[in-house]
């Protein structure tokens, strides 16, 4: 019996082959959940969902567009009858220094990471409130806690710190309705998000600062998301869970 037997989960930005979202979707499906993979690219979303099995769904959704979020959620509620879990995973990063951040850089990084998390959460709140049940997992970053210094620039740190504030505020507001909201803060995880811009030297210096002496893997983060999505964490809300190999021990 899986931990998510009979549950229905939405995971945003989960079409990237080696990403956190895809690893989380895979683990959730293995634990009995029916999963919807939302991504900007419909074809990629459908392919990723089909990889998990025929009962899973791939949908196009632009998390920065509120109407797009509402429409995706409406479709899934009509199809499934219920949504139990939301993982706000869609995100982008840019390795810019403070003075290199142009308005367009700020807009896109804040929009995808922070505004998208807000819009998807808003889209699901009425349904979860009505059912007095739900778990929302927001993906933040160690970057938010230590002020960058991994890969993303200051605007990425700001967006991911914003996710932590949003997580706590929404957890507080939704707690009376038994809707839990938690954040996961991955450290450096070897995924596609760096877009091939990470040099071997950069990787070496990052790993040097990790007590466990290795980069994280997507499945390391997926396991934490599973815990927060499942009833194992029934009394956990407003928390941030670090998945960083000990990077923040101080």
*Considering each of 176, 154, 186 in turn, give the residue that is crowded, with 17+ Cβ neighbours inside 10 Å and more than 13 Å from the chain's Cα centre (by Cα).*
154
_Number of positions in region 72-81 that are surrounded by fewer than 16 Cβ atoms within 10 Å (Cβ to Cβ) and under 20 Å from residue 117 (Cα atoms)_ = 2
*Kindly indicate the residue of region 5-45 that is in contact (Cβ under 8 Å) with a residue 60 or more places away in the chain and farther than 22 Å from residue 189 by Cβ and also nearest to the chain's Cα centre (by Cα) among those meeting that condition.*
8
*Here are 165, 196, 246, 223: which of them is at pLDDT 95 or above, part of a loop (DSSP other than H, G, I, E, B) and either surrounded by fewer than 20 Cβ atoms within 10 Å (Cβ to Cβ) or under 15 Å from the mean Cα position of the chain (by Cα) (or both)?*
246
_Options 42, 59, 38; residue that is over 18 Å from residue 135 (Cα atoms), touching a strand residue (DSSP E or B) at 6+ places or on another chain (Cβ under 7 Å) and buried (at least 20 other Cβ atoms within 10 Å of the Cβ)_ = 59
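Here is a yes/no grid of residues against (1) buried (at least 18 other Cβ atoms within 10 Å of the Cβ); (2) assigned to a helix (DSSP H, G or I):
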{"position": "49", "(1), (2)": "yes, yes"}
{"position": "54", "(1), (2)": "no, no"}
{"position": "68", "(1), (2)": "yes, yes"}
{"position": "92", "(1), (2)": "no, no"}
{"position": "99", "(1), (2)": "no, yes"}
{"position": "109", "(1), (2)": "yes, yes"}
{"position": "116", "(1), (2)": "yes, yes"}
{"position": "130", "(1), (2)": "no, yes"}
{"position": "135", "(1), (2)": "yes, no"}
*asked:* Between 83, 87, which is part of a loop (DSSP other than H, G, I, E, B) and under 25 Å from residue 34 (Cβ atoms)?
replied: 83
*Kindly indicate the residue of region 14-35 that is at pLDDT below 95 and closer than 18 Å to residue 62 by Cα and also surrounded by the fewest Cβ atoms within 10 Å (Cβ to Cβ) among those meeting that condition.*
16
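The values are calculated or read from the model by the stated rules, or taken from the named source; none is laboratory data. Bear in mind that the values here come from a model prediction, so they are computed numbers and not experimental data. Every residue, glycine among them, receives a Cβ derived from its backbone with ideal geometry; neighbour counts consider all protein chains shown.
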